[in-house]
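Since the structure comes first, as structure tokens, the remarks are kept for the end.
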Amino acid sequence: KREGVDTRSAEKLFERAKEFLRERKFRQALAVAMQSENETERVSLQQDMASKAIQTIEKRLGGFGHPIPQVQQIVADAKAAFKTGDYVKALDLAIRGGDEFGRRREIAEDAMEARTGAERIVGVLGTIGAQAARTEKAYRDAEAALERGDVDGARNAYQQALEGGIAAARAHLTEKLAKARAGADLGHRLEVDVSSSTKRFSESKAQIEGE
């Protein structure tokens, strides 16, 4: 008890040993007393392992920088089990929390990668004057999902913003290129030298298709 070990199960065995002793059943009293000692060691080990496992996953959560509600709930359940003395369940939950954290962290890393691309394409759309409403909405939805800890939803929304933004930029630039080419054709018919412009159109078309 002085070392913080939960001795309730061991105390029950010890009380049973005292009953045997009062009944002068010395062999049974000795056997139960030894069992009580082993029980204390077992509980102490389980308690220590569960405590360290919970502390580890809490530390990983604290250092991550984004909430992960699913893992936080598992940790809360582990702490509740620990409080009631069910150290085996607490340890199992803490281990599950660690596994889930690893999985969610991978998804979050994918989301951050998609976020970089989505943020960039939003800026590009603004620079070239393309329609950006849908892309910006998808980006805002992704940011909100990330804020509330929905890394799956954030990843999907960032990816949607990225893909939609690229399509919008390509369509806008292709349209501008077509208009410019029409102007160059007109200049050619009017016998104006547009050879350099035609070359740039070809380069721009290849770049747009490549992107």
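The values are calculated or read from the model by the stated rules, or taken from the named source; none is laboratory data. Just so you know, these numbers come straight off a predicted model, no measurement behind them. Using ideal geometry, Cβ is built from the backbone for each residue, glycine included, and neighbour counts are taken over all protein chains shown. Areas reflect the complete protein model, heavy atoms only, side chains present, ligands, DNA and RNA absent. Shrake-Rupley method; radii C 1.70, N 1.55, O 1.52, S 1.80 Å.
Given R₀ = 25 Å, what would the calculated FRET efficiency be for A80 paired with I107, taking r from the Cβ atoms and rounding to 0.05?
Between A80 and I107 the formula returns 0.40.
Structure note, pairs K12/K79; K12/K89; K59/K137: Cα-Cα distances above 31 angstrom occur for K59/K137. Measuring nothing but protein heavy atoms, the accessible surface of region 54-136 at 1.4 Å probe radius is 49 percent carbon and sulfur. The alpha-carbon atoms of region 73-188 define a convex hull whose volume equals 78 cubic angstrom per residue.
Between R148 and K179, the FRET efficiency estimated from the beta carbon spacing at R0 = 35 angstrom works out to 0.20.
Ligands, DNA and RNA are left out, and with a 1.4 angstrom probe the accessible area of region 57-168 is 56 Å² per residue. Within region 82-108, list the residues whose amide N lies under 20 Å from a label point set 7 Å along Cα→Cβ of K12. Output list for this probe position: 82-91.
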